[in-house]
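Read the figures in this text as sums done on the coordinates, not as results from a lab. All values reported here derive from a predicted model rather than from experimental measurement. Cβ coordinates were reconstructed from backbone atoms using ideal geometry, including for glycine residues, and neighbour counts include every protein chain displayed.
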């Protein structure tokens, strides 16, 4: 089976092709924002989509698997014509307008200023004319699917990050605009130029799946943004986000941890990071093992080794098993 795996990350869009037994990796930078003023963070949607479609069109494969950065969205009219740029997870317009929303633990997310649901309602408050024109809400994943298949669909691991879904009941909120159809299984959702397209998955879930994390392990996923997480059987609530995982399970997740953005500034202190990461892990169900993954460990290994030493935990490091490896494993097993 010839396959193309695509991970749309916050820094790079990475590709892994497996054609006739030969593997090839490449990447292109994720586009720079067209608006980044400390509150708004928007990226031109065409600049994201075109290189991805070009790679899919040029690759002689049977199947395409995607993972995508979560908590970003696009808004469109009834015909699918965009009303906005891609509004990234880095966008905090809801904070500026003070727009908070009540959200159940069963949503698989939590109220935070970059939550798309809060962000959309801030638009309702600040730009009612734009809000009235909204007929379709896209995640980045579902917009990529729309560009290929003409349908607004994605996997629940991506969809739930919007705040519009109840993961436990498998229902979507009733809004005056269309929400993506959220798939809970792994199967093709359509064909594009002879290639079977799978619903896009959340990049965090794919990265965790890639390291082979099970219910005996917790993960520190240190990327541009960082999380502490662990899988749990069925739907589980606690002092964490109950993010949907594969097989109807939960990826218990503590978000908002210091990652590449903070470490790149050179001012991060090991003692403070150790305290932050230890506190995050304490909120999760207890686990016997810790796996450290993510690109940060390759770039900031000395300080992170100091951090883990101060934490006094036994750990293993796996910086190779990224979201692309997770997608590859998903393709090889029957979830």
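Data table
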item	result
Residue within region 22-42 that is in contact with a helix residue (DSSP H, G or I) (Cβ under 7 Å, 6 or more places away or on another chain) and within 24 Å of residue 129 (Cβ to Cβ) present	yes
So residue 50, is it surrounded by 16 or more Cβ atoms within 10 Å (Cβ to Cβ) and closer than 25 Å to residue 325 by Cα	no
Helices (runs of 4 or more DSSP H) within region 251-335 that include 2 or more residues crowded, with 21+ Cβ neighbours inside 10 Å and in contact (Cβ under 8 Å) with a residue 40 or more places away in the chain	270-282, 323-332
Count - residues of region 61-85 that are touching a residue at least 40 places away in the same chain (Cβ under 8 Å) and in a strand (DSSP E or B)	10
Residues located in region 230-241, provided they are in a strand (DSSP E or B) and under 20 Å from residue 326 (Cα atoms)	230, 231, 232
Qualifying residue in region 88-101 (condition: closer than 17 Å to residue 161 by Cα, surrounded by fewer than 17 Cβ atoms within 10 Å (Cβ to Cβ), touching a residue at least 24 places away in the same chain (Cβ under 8 Å) and out of contact with any strand residue (DSSP E or B) (no Cβ under 8 Å at 6 or more places or on another chain))	yes
Test: residue in region 228-249 that is touching a strand residue (DSSP E or B) at 6+ places or on another chain (Cβ under 8 Å), surrounded by 24 or more Cβ atoms within 10 Å (Cβ to Cβ) and free of Cβ contacts under 8 Å to residues at least 40 places away in the same chain	yes
Matching residues, region 203-222, being crowded, with 20+ Cβ neighbours inside 10 Å and either farther than 21 Å from residue 5 by Cβ or touching a helix residue (DSSP H, G or I) at 6+ places or on another chain (Cβ under 6 Å) (or both)	203, 205, 206, 207, 209, 210, 218, 219, 220, 221, 222
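Here is a yes/no grid of residues against (1) touching a residue at least 60 places away in the same chain (Cβ under 8 Å); (2) within 21 Å of the chain's Cα centre (by Cα):
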{"residue": "112", "(1), (2)": "yes, yes"}
{"residue": "119", "(1), (2)": "no, yes"}
{"residue": "134", "(1), (2)": "no, no"}
{"residue": "153", "(1), (2)": "no, yes"}
